[in-house]
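Here is the structure we will look at, set down as structure tokens.
Since every read-out is calculated from the coordinates, none of them should be taken as a lab result. Predicted, not measured: the structure shown is a model, and the values here were computed from it. Cβ placement follows ideal geometry from the backbone for every residue including glycine, while neighbour counts extend to all protein chains displayed.
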Amino acid sequence: KGTAFETLIVGYLKDTYPNVERRTLSGVHDKGDIAGTNKKLIWECKDHKTLNFSGWLKEAEIERGNANAEYGIVVAKRRGHGDAGAQYAVLTLEALVQLLKKAGLV
């Protein structure tokens, strides 16, 4: 289930990041589920019946540190929506505001 969801998300990101791919597992030094986007980002993909944004953000924060990245993004399966672009993308408000500032939207 997780592999299929990660593959779906990688396929969606391919247009923006041509070198995107599923990352191999790294044990306790995990750096997220997706590689090849931007060294400032880690992506943590979750396909679970029950949403656990708090726990998943904590996990993404650890992996962000392992990767020496600036932002951790959780992509969570949205039940009833098979389109990759319709899934949840979750990050902290602090990270969102930082991204908006860097994009010149603040």
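When the pairs 14/58; 14/49; 77/101; 49/102; 40/101; 77/102 are compared against a 23 Å limit on Cα-Cα distance, 14/58; 14/49; 77/101; 49/102; 77/102 fall above it. Legend: calculated FRET efficiency, residue 52 to residue 102, from the Cβ-Cβ distance at R0 = 35 Å, rounded to 0.05, equals 0.80. Largest GNM mean-square fluctuation among 16, 37, 24, using the chain with Cα springs under 10 Å: 16. Charged side chains reduced to their Cβ positions (Lys and Arg at +1, Asp and Glu at -1) give the chain a dipole of some 120 debye around its Cα centre. Prolate is the label for the stretch 27-70, because a/c, from the alpha-carbon gyration tensor with a ≥ b ≥ c as root eigenvalues, is 1.5 or above and a/b exceeds b/c.
Extension gain, residue 38 to residue 4, is 10.0 nm, computed as 0.36 nm per intervening residue step minus the present C-alpha separation.
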